[in-house]
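Participant: Submitted below is the structure of interest, expressed as structure tokens.
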Amino acid sequence: MIAARLLCVCIVLFTTPSELWAQEVPAAVISDGVADKKSPATMEAPDIISHGATIHAVMYLASGAVMHPTVVLLHGFPGNEQNMDLAYSIRRAGWNVLVPHYRGSWGSGGTFSFGNAIEDVEASVQFLRDSANAAKYRVDTTRIVLIGHSMGGFMASRGAARDPRVAGVVMIAAWNIGAAVSHDLKNRSDTFYNGSPRLAGTTPEGLIAEAKQNAAKLNYLDDAHALKDRPVLVVEADDRNITYNHEMVAALRNAGDTQVTEEHIPTDHTFSDRRIVLQSVVINWLQAIVARQK
């Protein structure tokens with residue numbers, strides 16, 4: 001009966017004329033795996049210290065006693081879309097998932113800023129590489145991948161560019177902060193005014209000033225050279241970021257990256273009506289990374 005239902009789901013997904021391009025739906029997206037009673041899947045809530053402040057995180061541990069590849073899943077600005085469905089699917093696919101909240105966001109200590117968020121990503125990766133944490137959470141430290149949505153996509157790119165040991169990057173509808181502020185601030189001001197009230201220690205005007213002052217440094221096209229030897233997945237939506245996403249793909253290819261994958265999903269910025277497709281694209285890409293490393 002369950003198998004029949006899953007078959008029906010696949011048929012529905014792949015008979016929609018506008019989405020015949022969609023990839024195969026992985027089992028992890030639509031079905032639970034076999035539980036490991038000795039080392040079950042579970043959830044923990046560790047705190048991460050970043051430059052003296054405590055940032056809150058959620059850790060989704062995959063089932064099984066082996067060391068697991070691990071994703072750091074980075075939310076956007078201010079993080080209304082947490083992509084928890086993606087976190088659960090990735091865990092069912094055999095990966096751990098660490099979801100950190102930047103300083104000044106969602107109850108974490110300290111002050112939010114773009115510069116601080118970059119540092120918080122670095123602190124999150126170092127948390128996973130700490131020998132005690134790696135043993136406790138069963139982290140394969142050679143296979144850490146950064147995945148980010150919107151502003152988190154920028155943070156994933158920048159975090160990996162600053163850390164050559166990161167195994168891969170996924171940029172989902174990634175906001176190119178510096179370029180967008182430089183070229184389209186009039187149409188972007190709503191982002192700052194709507195998001196900043198949910199972030200501690202800052203104001204819309206303060207964040208706009210930071211982005212304008214550091215526009216050249218907050219451009220993810222500059223990360224292309226540092227990422228050119230690693231797999232990168234760029235997932236685009238029909239939103240204000242799509243032109244910048246195309247530019248990132250071109251920059252990576254021009255830098256010599258032969259492992260770039262570009263996927264366009266026709267939906268809004270938060271992939272509201274294409275969550276299954278989004279999960280499928282990401283998990284198929286992650287599984288391909290594991291296959292290449294074996």
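The values are calculated or read from the model by the stated rules, or taken from the named source; none is laboratory data. It should be emphasised that the depicted structure is a prediction, and the values quoted were computed from it without experimental measurement. All Cβ positions, glycine included, derive from the backbone under ideal geometry; neighbour counts span all protein chains shown.
Here is a yes/no grid of residues against (1) aromatic (Phe, Trp, Tyr); (2) modelled with pLDDT of 95 or more; (3) at positive phi; (4) assigned to a helix (DSSP H, G or I):
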{"residue": "ILE118", "(1), (2), (3), (4)": "no, yes, no, yes"}
{"residue": "PHE127", "(1), (2), (3), (4)": "yes, yes, no, yes"}
{"residue": "VAL170", "(1), (2), (3), (4)": "no, yes, no, no"}
{"residue": "GLY178", "(1), (2), (3), (4)": "no, yes, no, yes"}
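Participant: Next up: On the given criteria, is ALA134 in contact (Cβ under 8 Å) with a residue 12 or more places away in the chain, assigned to a helix (DSSP H, G or I) and either surrounded by 23 or more Cβ atoms within 10 Å (Cβ to Cβ) or at positive phi (or both)? I'd like the intermediate steps shown before the answer.
Facilitator: Details: in contact (Cβ under 8 Å) with a residue 12 or more places away in the chain: yes; assigned to a helix (DSSP H, G or I): yes; either surrounded by 23 or more Cβ atoms within 10 Å (Cβ to Cβ) or at positive phi (or both): no.
So ALA134 does not fit the description; no.
Participant: Related question: In region 63-84, which residues are under 19 Å from SER280 (Cα atoms) and out of contact with any Lys or Arg (no Cβ under 6 Å at 6 or more places or on another chain)?
Facilitator: Of the residues in region 63-84, the ones under 19 Å from SER280 (Cα atoms) are 69-75, 81-84.
Passing the criteria: THR70, VAL71, VAL72, LEU73, LEU74, HIS75, GLU81, GLN82, ASN83, MET84.
Participant: Now, a different point. Could you list, in sequence order, all residues of region 218-229 that are crowded, with 20+ Cβ neighbours inside 10 Å and over 23 Å from LEU207 (Cβ atoms)? Give the derivation first.
Facilitator: The initial filter retains those residues of region 218-229 that are crowded, with 20+ Cβ neighbours inside 10 Å, namely 218-220, 223-224, 227.
Hits for region 218-229 are ALA224, LEU227.
Participant: Just wondering, is there one or more residues in region 211-218 that are free of Cβ contacts under 8 Å to residues at least 24 places away in the same chain, farther than 30 Å from VAL139 by Cα and assigned to a helix (DSSP H, G or I)? So that I can check it myself, show each step before the final result.
Facilitator: Of region 211-218, the ones free of Cβ contacts under 8 Å to residues at least 24 places away in the same chain are 213.
Remaining after also requiring farther than 30 Å from VAL139 by Cα: 213.
Still in the list and also assigned to a helix (DSSP H, G or I): 213.
Checked region 211-218: at least one residue is free of Cβ contacts under 8 Å to residues at least 24 places away in the same chain, farther than 30 Å from VAL139 by Cα and assigned to a helix (DSSP H, G or I).
Participant: What are the residues in region 187-220 that are among the basic types (Lys, Arg) and under 18 Å from ASN241 (Cβ atoms), if any? Give the steps one after another, and end with the answer.
Facilitator: Just the residues of region 187-220 that are among the basic types (Lys, Arg), to begin with: 188, 198, 212, 217.
ARG188 - this is the single residue of region 187-220 that is among the basic types (Lys, Arg) and under 18 Å from ASN241 (Cβ atoms).
Participant: If you don't mind, there's one more thing I want to ask. Suppose the filter is surrounded by 15 or more Cβ atoms within 10 Å (Cβ to Cβ) and within 26 Å of PRO266 (Cβ to Cβ); does GLY178 pass it?
Facilitator: Working: surrounded by 15 or more Cβ atoms within 10 Å (Cβ to Cβ): yes; within 26 Å of PRO266 (Cβ to Cβ): no.
Judged against the criteria, GLY178 is not a match.
Participant: Now, a different point. Inspect region 188-211 for any residue being in contact with a strand residue (DSSP E or B) (Cβ under 6 Å, 6 or more places away or on another chain) and surrounded by 15 or more Cβ atoms within 10 Å (Cβ to Cβ) and give the result as yes or no. Full working, then the answer.
Facilitator: Keep residues of region 188-211 that are in contact with a strand residue (DSSP E or B) (Cβ under 6 Å, 6 or more places away or on another chain), which gives 199.
From what is left, the residues that are surrounded by 15 or more Cβ atoms within 10 Å (Cβ to Cβ) are 199.
Looking through region 188-211, at least one residue is in contact with a strand residue (DSSP E or B) (Cβ under 6 Å, 6 or more places away or on another chain) and surrounded by 15 or more Cβ atoms within 10 Å (Cβ to Cβ).
Participant: SER157 passes all but one of (1) outside any loop (DSSP other than H, G, I, E, B); (2) over 26 Å from MET248 (Cα atoms); which number fails?
Facilitator: Answer for SER157: the failing condition is (2).
Participant: What are the residues in region 269-294 that are more than 17 Å from the chain's Cα centre (by Cα) and either part of a loop (DSSP other than H, G, I, E, B) or buried (at least 18 other Cβ atoms within 10 Å of the Cβ) (or both), if any?
Facilitator: Across region 269-294, the qualifying residues are ASP273, LYS294.
Conditions tested, residue by residue: (1) under 16 Å from GLY153 (Cβ atoms); (2) outside any helix (DSSP H, G or I); (3) touching a helix residue (DSSP H, G or I) at 6+ places or on another chain (Cβ under 6 Å).
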site	(1), (2), (3)
ALA209	no, no, no
VAL234	yes, yes, yes
ASN245	yes, no, no
ARG253	no, no, no
GLU263	yes, yes, yes
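Participant: Report the residue count in region 235-262 for those that are touching a residue at least 12 places away in the same chain (Cβ under 8 Å), loosely packed, with under 14 Cβ neighbours inside 10 Å and at negative phi.
Facilitator: Result for region 235-262: 2.
Participant: Go through the residues of region 79-95 one by one and say whether even a single one is polar (S, T, N, Q), at pLDDT 95 or above, farther than 22 Å from PHE271 by Cβ and not in a loop (DSSP other than H, G, I, E, B).
Facilitator: no
Participant: Scan region 96-131 for residues that are of a type in the set (S, T, N, Q), under 23 Å from GLY168 (Cβ atoms) and buried (at least 22 other Cβ atoms within 10 Å of the Cβ) and report the count. Working first, answer last.
Facilitator: Initial filter on region 96-131 (of a type in the set (S, T, N, Q)): 96, 105, 108, 111, 113, 116, 124, 126, 131.
Pick out the ones that are also under 23 Å from GLY168 (Cβ atoms) and you get 96, 124, 126, 131.
Adding the requirement that they be buried (at least 22 other Cβ atoms within 10 Å of the Cβ) leaves 96, 124.
So the count comes out to 2.
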